[in-house]
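The values are calculated or read from the model by the stated rules, or taken from the named source; none is laboratory data. Everything numeric here is computed off the predicted structure, so don't read it as measured data. Cβ sites come from the backbone with ideal geometry, for glycine too, and all protein chains shown count toward neighbours.
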Amino acid sequence: MLKTRSMLFSEKCLKVQDLACLRGGRMVFARLGFDLGPGEYLHLAGSNGSGKSTLLRVLAGLLPAYSGSVCYGYHNIAGAEAAREGAMIYSGHQHGLKPVLSLRENCSHLVQLMTGEKLADAVLESAATALGLVDLVDMPVRFFSSGQTHRAALLRFLLIDRPLWLMDEPTVGLDDDNRARLETVMRAHIDRGGMIIAASHDPIRLTGKKLNMADYRAGSEHLEHWL
């Protein structure tokens with residue numbers, strides 16, 4: 001559902017300070033920090049295994065931080081509090097769709113789970129149109145191509161109204177036309193005061209900040225306390 005500039009989010013900012021994450025006895029990153037305000041985009045860059053996906057999962061509350069803080073507005077959010085605060089929506093490598101259900105049914109269950117509300121037909125139609133899926137809403141997801149499945153997973157950003165979007169490889173598997181559709185959706189969110197953090201190897205035509213995960217690679221000295 002594309003919304004107008006008049007429907008703006010609050011002026012809350014995201015502030016990440018001295019963040020570190022330990023996984024499997026390896027410090028993935030350390031001393032990581034950045035600020036992100038309304039209407040801003042942050043591109044996460046780095047090679048495979050550099051910690052882009054891990055950072056997004058920490059911000060989404062799916063992984064614990066080893067140290068540091070994540071603040072939204074004036075509140076330090078951690079774990080499931082991010083979802084309870086209504087601050088963010090996340091999409092990772094797993095699409096989270098039930099293959100035997102139609103796209104409409106998948107979307108309805110998601111909205112009910114995340115908001116406790118019923119999904120309006122007009123909202124689904126608008127969102128599906130924006131991502132080129134309007135003709136597939138009543139088809140079981142098991143019949144979708146990989147690109148269609150990926151776009152179906154991205155519908156959550158338009159169905160659930162959250163200011164911060166956490167997007168892990170949002171353009172993967174998309175052709176040029178559907179990549180352009182996604183960029184239009186992302187730009188509209190930024191224009192209305194939303195925030196986006198996206199990890200992507202592909203270029204995304206949005207103006208914003210860049211964070212290179214190589215700058216926060218942890219050395220062995222960060223493991224001493226754990227050992």
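Can you pull out every residue in region 170-190 that is farther than 16 Å from residue 130 by Cα and either modelled with pLDDT of 95 or more or touching a Gly at 6+ places or on another chain (Cβ under 7 Å) (or both)? Outline the logic, then answer.
Filtering region 170-190 for residues farther than 16 Å from residue 130 by Cα gives 172-173.
The one that is farther than 16 Å from residue 130 by Cα and either modelled with pLDDT of 95 or more or touching a Gly at 6+ places or on another chain (Cβ under 7 Å) (or both): 173.
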Report task. Please state which of the following conditions residue 63 fails to meet, knowing it meets all the rest: (1) modelled with pLDDT of 95 or more; (2) in a loop (DSSP other than H, G, I, E, B). Result -> (1)
Requested in this report: Output yes when any residue across region 148-168 is over 17 Å from the mean Cα position of the chain (by Cα), surrounded by fewer than 21 Cβ atoms within 10 Å (Cβ to Cβ) and modelled with pLDDT of 95 or more, and no when none is.
Outcome: yes
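When you look at residue 123, is it in contact (Cβ under 8 Å) with a residue 40 or more places away in the chain and in contact with a strand residue (DSSP E or B) (Cβ under 7 Å, 6 or more places away or on another chain), yes or no?
Values: in contact (Cβ under 8 Å) with a residue 40 or more places away in the chain: yes; in contact with a strand residue (DSSP E or B) (Cβ under 7 Å, 6 or more places away or on another chain): no.
Taking the combined requirement at face value, the residue does not satisfy it.
If I ask for residues that are of a type in the set (Ser, Thr, Tyr) and at pLDDT 95 or above, which ones from region 208-227 would you list?
216
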Query raised in the report: So which pairs qualify, if the first residue must be in region 40-55 and surrounded by fewer than 21 Cβ atoms within 10 Å (Cβ to Cβ), the second must be among the hydroxyl-bearing types (Ser, Thr, Tyr), the Cβ gap must be under 7 Å, and the two must be at least 6 apart or on different chains?
Result: 43/200
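Residues are listed down the side, and each one gets a yes or a no for (1) modelled with pLDDT of 95 or more; (2) not assigned by TED's automatic domain parsing to the domain that holds residue 212:
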{"position": "56", "(1), (2)": "yes, no"}
{"position": "72", "(1), (2)": "no, no"}
{"position": "100", "(1), (2)": "yes, yes"}
{"position": "108", "(1), (2)": "yes, yes"}
{"position": "121", "(1), (2)": "yes, yes"}
{"position": "125", "(1), (2)": "yes, yes"}
{"position": "130", "(1), (2)": "yes, yes"}
{"position": "135", "(1), (2)": "yes, yes"}
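Anything in region 164-203 that is of a type in the set (Asp, Glu) and not in a strand (DSSP E or B)? List them, or say none.
Let us first name the residues in region 164-203 that are of a type in the set (Asp, Glu), namely 168-169, 175-177, 183, 191, 202.
Residues satisfying the conditions are 169, 175, 176, 177, 183, 191, 202.
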